[in-house]
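Asks: Sharing a structure here in structure tokens format.
A short reminder: the numbers here are calculations on the coordinates, not readings from a lab. Quick caveat: nothing in here was measured; it's all calculated off a predicted structure. Every residue, glycine as well, gets a Cβ built from its backbone with ideal geometry; the counts of neighbours run over all protein chains shown.
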Amino acid sequence: MAAAFIGRIERRVAVVAIIGLGYVGLPLLLAFHKSGFRTAGFDIDPEKIEKLQAGRSYIHHIAPERIADLVGSGRCHLTTDYSRLSEVDAIIICVPTPLTTYRDPDMSFVIATAEAIAPHLRPGQLVTLESTTYPMTSEDLLAAILERGSGLKAGQDFAIAYSPEREDPGNPDFDTTSIPKVVGADQVPAGDMAEALYDPVASRVVRVPSMRTAEAVKLTENVFRAVNIALVNELKVIFDKMGIDVFEVIDAAKTKPFGFMPFYPGPGIGGHCIPVDPFYLTWKAREFGIHTRFIELAGEINSGMPQWVVGRLVEALSDRLGKPIRGARILVVGLAYKKNVDDLRESPSLVLMEMLQERGAVVDYYDPYVPVMRRTRKHGELEGRCSIAWDEDKLALYDAALIATDHDGVDLETLVRRVPLVVDSRGATRSLSPELQARVVRA
């Protein structure tokens, strides 16, 4: 099985299928296409398939020209029909793994996808899961569903592996092909197949001895980021009380050439990874009688930051303008969870908007990357809201502006000059003149 699969990969005659064409799956599909493979893209959302077939991109940092090249090549089939999976050699699963309202893993997308794959699975295929998950998902959950629905045996009739996605949407320095790829499998032949699959599209393949090890790698990466962001968020609150600028502290500390890595505070954490992934490990650890105190404390600190930022805004409105939050006109600047992308997943900006509205404020937003609010899992009532147009005269109509995302290209000098109060939760105004910085409240 392995030798035949690897041979097809090396000759570029293998067909690679990607299931889930979002921020992870679509760049991966493009990477395999660019490497000369025939590809197939699957998604349960027909609107995505229609846009791609028309040569349009629905992800800001992916140029429509790349989609047009994909579709026009004749080497890619885009469909919602999972029966076509029997025609491919490798199946890569890139579907969401969110949390439930109780912060437990929501595996419904992985389960539904596995159940859709199973009837069409054939001997000799490789199935790889990229969705972030808790250790032992691939061996206990995914393999069991595939075996039950196909009548085939994992490791004998088909291969299974895990390779965590490492996408950083909008990062100009790293993309899918320049980020080393971790792969893990429980049998050597399956590992050989997974390594051969990813080698043509990754700068380096890092092989680990098992699927559970590979699953733990991704969780470790994001737990590391979550706890360090929580640390600087807590330091921000402490230093604010002392009249110390946390960004000045970090800038000086990072000059140490060893033993320090800079992380930066903000109004909360967003994206699919950092707010979600650590709690997958927390949930699984309970099965082994372990309480992940450090991880949960970090989550508590990070999830509490929107409330602290809103508190700073309310206080500044009262102290500087003599106005209550109720009835105040507030402009939230930046809706995406990080700069220079259109990604709204778990964005703290959405929480900030809702918290301000609950306190009676009249809230608008400005985001050049998000002209219209798309549907989100948790903030459905905001769907359809539109960004204001950038207009100096209209800016002056707001009582306060809250910088929630530090997009490049936003005219912050004009913002500070025109709006009576600007609250900066990202340190975005630090390059302005001392005169203008004196009008800004850090949060």
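Asks: May I ask for the distance between the Cα centers of segment 9-80 and segment 210-272, given as a whole number of Å?
Replies: Taking the Cα centre of segment 210-272 as reference, the centre of segment 9-80 is 35 Å away.
Asks: Over all directions, what mean area does the Cα convex hull of segment 324-408 project, stated in square nanometres?
Replies: Seen from a random direction, the Cα hull of segment 324-408 projects 5.1 nm² on average.
Asks: Please report, for the Cα atoms of segment 2-209, the Rg to one decimal and the Dmax as a whole number; what are they, in angstrom?
Replies: Gyration radius and largest Cα-Cα distance of segment 2-209: 16.0, 48 Å.
Asks: Continuing with the same structure: Taking the DSSP beta bridges in the chain as the whole, what percent of them are antiparallel, to the nearest 5?
Replies: 5
Asks: Now a separate question. Using only alpha-carbon positions, what ratio does the radius of gyration of segment 299-354 give when scaled by 2.2 N^0.38 Å?
Replies: For segment 299-354, the normalised Cα radius of gyration is 1.26.
Asks: Let me ask something else. Working out 0.36 nm times the residue gap between Arg56 and Glu10, then minus their Cα-Cα distance, what length gain in nm do you get to one decimal?
Replies: Computed gain between Arg56 and Glu10 is 13.5 nm.
Asks: Would you calculate the convex hull of the Cα atoms in segment 219-300 and tell me its volume per residue in Å³? Please list the in-between numbers first.
Replies: Working: hull volume 8.6 nm³, N = 82.
So the per-residue Cα hull volume is 105 Å³.
Asks: Now for a different question. Picking from Met305, Ala214, Ser73, whose Cα lies most toward the positive end of the charge dipole for the chain (charges on Cβ: Lys, Arg +1; Asp, Glu -1)?
Replies: Towards the positive end, the residue furthest out is Met305.
Asks: Only helical DSSP H runs with n ≥ 4 go in: add -39500 (n - 2.57) per run for the chain, normalise by residue count and round the 222 nm mean residue ellipticity to 500 deg cm²/dmol.
Replies: Working: 16 runs with 164 residues, N = 443.
-11000 deg cm²/dmol, from helical runs alone.
Asks: Work out the FRET efficiency for Glu296 and Asp319 from their Cβ-Cβ distance, taking R0 = 41 Å, and round it to the nearest 0.05.
Replies: Working from the Cβ atoms, E equals 0.75.
Asks: Separate question: Restricting the calculation to Cα positions, tell me the Rg (one decimal) and the Dmax (whole number) of the chain in Å.
Replies: 23.7, 75
Asks: Here's another thing I want to ask about it. Report, by chain and number, residues whose modeled amide H sits under 5 Å from the one on Phe158, excluding near sequence neighbours (fewer than 5 apart, same chain).
Replies: For Phe158, whose amide H was placed from the backbone, the distant partners under 5 Å are Gly124, Lys153.
Asks: What list of ³J(HN,Hα) couplings, whole Hz, do you get for segment 192-207 from phi and the Karplus terms 6.51, -1.76, 1.60, once you set θ to phi - 60° and write x for glycine and proline?
Replies: These are the phi-based 3J(HN,Hα) values: 4, 5, 5, 5, 5, 5, 8, 4, x, 10, 10, 5, 6, 9, 9, 9 Hz.
Asks: Starting from the Cα-Cα distance between Ala389 and Asp408, subtract it from 0.36 nm times their residue separation and give me the gain in nm to one decimal.
Replies: Here the segment from Ala389 to Asp408 would lengthen by 5.2 nm.
Asks: If you line up the Cα atoms of segment 159-253 on their principal axes, what length do they span on each, largest first, in Å?
Replies: Largest to smallest, the principal-axis extents are 59, 27, 19 Å.
Asks: Loop only by DSSP, 14 or fewer other Cβ within 10 Å of the Cβ. Give me the GluC sites (Glu not before Pro) in segment 364-443 that pass, ordered by residue number. Don't skip to the answer; put the middle values down first.
Replies: Details: sites: Glu381, Glu383, Glu392, Glu413, Glu435; in loops: Glu383.
Hits after loop and neighbour filter: Glu383.
Asks: Continuing with the same structure: What Kirkwood Rh does segment 262-332 have if only Cα atoms enter the pairwise 1/r average? Answer in Å.
Replies: 14.7
Asks: Also, quick follow-up: How about segment 83-161: which trypsin sites (Lys or Arg not before Pro) there are in a DSSP loop, with at most 12 other Cβ atoms within 10 Å of their Cβ? All intermediate terms of the calculation are to be shown ahead of the outcome.
Replies: Numbers: sites: Arg84, Arg103, Arg148, Lys153; in loops: Arg103, Lys153.
Hits after loop and neighbour filter: Lys153.
Asks: State the extension gain, in nm to one decimal, for the chain segment bounded by Phe224 and Ser108, taking 0.36 nm per residue of separation less the distance between their alpha-carbons.
Replies: This chain segment gains 39.1 nm when fully extended.
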